[in-house]
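Worksheet: the structure to be examined is printed underneath.
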Amino acid sequence: MQSVKAVRSEQGRVFVANVEVPRGEGVRVKVVSSGICGSDLHMLSAGFPMPFTMGHESAGTTPDGTPVAIEPIVACGHCAPCVRGAYNLCERGVHFVGINSDGGMAEEVLVPARCLVPLPAGIPLQNACLNEPIAVAVHGVARAGIRSGDRIAIVGGGTIGLCALAVVKEIASTVSLNARHDAQRAAAERLGATLDAQGSFDVVIDCAGTSQSIAEAVGLCRPGATLLLLATYWEGLTLPAFEVSMKELRILGSNAYCRHGAARDVEIAAALMARNPLIAASIISHRLPLEGAVEAFRLAGDRKSGAIKVTLLP
């Protein structure tokens with residue numbers, strides 16, 4: 001049996017195994033980089049069943065040598081949301097490569113052709129796995145309708161918070177970010193944010209996903225502001241509803257990424273990453289070989305270690 005190395009999980013722990021070479025329909029991608037997402041850590045700690053190769057943030061090359069990132073959403077393509085481009089809201093359910101099927105923490109992955117994101121010149125493939133979280137930020141920021149003169153605050157300095165910062169800086173000049181850890185704060189300053197937001201803001205983006213961060217975000221909102229929920233709220237949320245009502249805040253949810261008009265969020269993310277190499281240089285903190293997956297996951301779960309985005313290089 002021909003095999004490839006891949007990262008699997010069992011009972012909340014990860015390990016590297018030899019698995020059968022992926023077969024079937026689709027395009028075979030030789031993986032060059034794959035990122036560890038906060039969602040991976042949450043699913044592991046929660047005992048979420050993941051009988052597949054992990055990894056929904058991946059990039060590599062196709063058999064003809066084309067450099068690509070992978071958009072991990074697989075939707076039906078035929079329901080009303082899919083037809084209008086909102087395939088992240090597919091009525092038949094969204095399937096994620098790396099969660100519902102074998103993903104990119106492996107030497108090779110097989111994906112539908114529509115999942116491929118051809119990359120502009122100038123993006124090193126070892127950085128290109130960052131395309132997926134940048135696309136999350138692109139989608140959310142588009143939903144918030146941010147304008148050039150808006151004052152923006154971001155709560156949370158993890159990967160999504162820093163990606164949101166990079167996207168917002170393309171539009172607005174006044175951006176503040178609140179982060180807990182020194183490495184996050186240094187990355188935020190490098191990407192052009194001021195730290196320790198004070199005062200009131202037109203748009204506040206919660207990227208931390210806790211009741212505490214929401215209370216902090218609501219406190220930073222001016223009356224009539226927009227509050228964008230860009231985090232994933234695994235444990236539910238306590239909302240300071242009185243202050244939300246008194247300020248008449250507009251609360252927006254955001255889910256992954258999709259297509260707006262002719263362009264996909266993942267394509268906009270790739271163009272941004274090509275324009276601004278500082279994004280990857282500021283956010284990717286650790287790179288380990290695939291065989292070092294156990295250590296990589298340990299680092300990713302320890303923010304005090306200075307980890308922001310930990311990546312695997314098969």
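Per-structure values
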read-out: Residue within the stretch 257-264 that is surrounded by 21 or more Cβ atoms within 10 Å (Cβ to Cβ) and either in contact with a helix residue (DSSP H, G or I) (Cβ under 7 Å, 6 or more places away or on another chain) or not assigned by TED's automatic domain parsing to the domain that holds R84 (or both) present; value: yes
read-out: Test: residue in the stretch 242-250 that is β-branched (V, I, T), touching a residue at least 12 places away in the same chain (Cβ under 8 Å) and not assigned by TED's automatic domain parsing to the domain that holds S213; value: no
read-out: Pairs, first farther than 13 Å from G55 by Cα in the stretch 294-314, second among the basic types (K, R) and in a loop (DSSP other than H, G, I, E, B), C-beta under 8 Å, six or more apart; value: R303/R180
read-out: I154, sole failed condition from (1) out of contact with any strand residue (DSSP E or B) (no Cβ under 9 Å at 6 or more places or on another chain); (2) in contact (Cβ under 8 Å) with a residue 40 or more places away in the chain; (3) not assigned by TED's automatic domain parsing to the domain that holds I268; value: (1)
read-out: Top-ranked residue of the stretch 1-31 - restricted to ones that are of a type in the set (D, E, K, R) and in a strand (DSSP E or B), ranked as nearest to A113 (Cα to Cα); value: R28
read-out: Qualifying positions in the stretch 170-184 - in contact with a strand residue (DSSP E or B) (Cβ under 9 Å, 6 or more places away or on another chain) and in a loop (DSSP other than H, G, I, E, B); value: I171, A172, A179
read-out: Top-ranked residue of the stretch 69-92 - restricted to ones that are in contact with a helix residue (DSSP H, G or I) (Cβ under 7 Å, 6 or more places away or on another chain) and in a helix (DSSP H, G or I), ranked as nearest to A113 (Cα to Cα); value: Y87
read-out: Some residue of the stretch 121-137 being under 19 Å from I251 (Cα atoms) and of a type outside the set (D, E, K, R); value: yes
read-out: For I70: the one exception among (1) surrounded by fewer than 20 Cβ atoms within 10 Å (Cβ to Cβ); (2) on the phi < 0 side of the Ramachandran plot; value: (1)
read-out: Residue match in the stretch 115-124 (condition: assigned to a strand (DSSP E or B), of a type in the set (A, V, I, L, M, F, W, C) and touching a Lys or Arg at 6+ places or on another chain (Cβ under 8 Å)); value: yes
read-out: Hits in the stretch 265-314 - residues which are of a type in the set (G, A, S) and under 28 Å from Y87 (Cα atoms); value: A269, A270, A271, A274, A280
read-out: Residue satisfying all of: in the stretch 266-287; surrounded by 18 or more Cβ atoms within 10 Å (Cβ to Cβ) and touching a strand residue (DSSP E or B) at 6+ places or on another chain (Cβ under 7 Å); farthest from T226 (Cα to Cα) among these; value: H286
read-out: Number of positions in the stretch 87-145 that are hydroxyl-bearing (S, T, Y) and surrounded by fewer than 21 Cβ atoms within 10 Å (Cβ to Cβ); value: 1
read-out: Pairs, first in contact (Cβ under 8 Å) with a residue 40 or more places away in the chain and in the same structural domain as L227 (by TED's automatic domain parsing) in the stretch 190-206, second part of a loop (DSSP other than H, G, I, E, B) and surrounded by 15 or more Cβ atoms within 10 Å (Cβ to Cβ), C-beta under 7 Å, six or more apart; value: L191/K169; D202/D150; V203/I146; V203/D150; I205/L230; D206/G156; D206/L230; D206/A231
read-out: Which numbered condition A142 misses (of (1) in contact with a His (Cβ under 8 Å, 6 or more places away or on another chain); (2) within 17 Å of P277 (Cα to Cα); (3) among the aliphatic types (A, V, I, L, M)); value: (2)
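The values are calculated or read from the model by the stated rules, or taken from the named source; none is laboratory data. On a predicted model such as this, the values are computed, not experimentally measured, just so you know. Methodologically, a virtual Cβ is constructed for each residue, glycine included, from the backbone with ideal geometry; neighbour enumeration extends over all protein chains shown.
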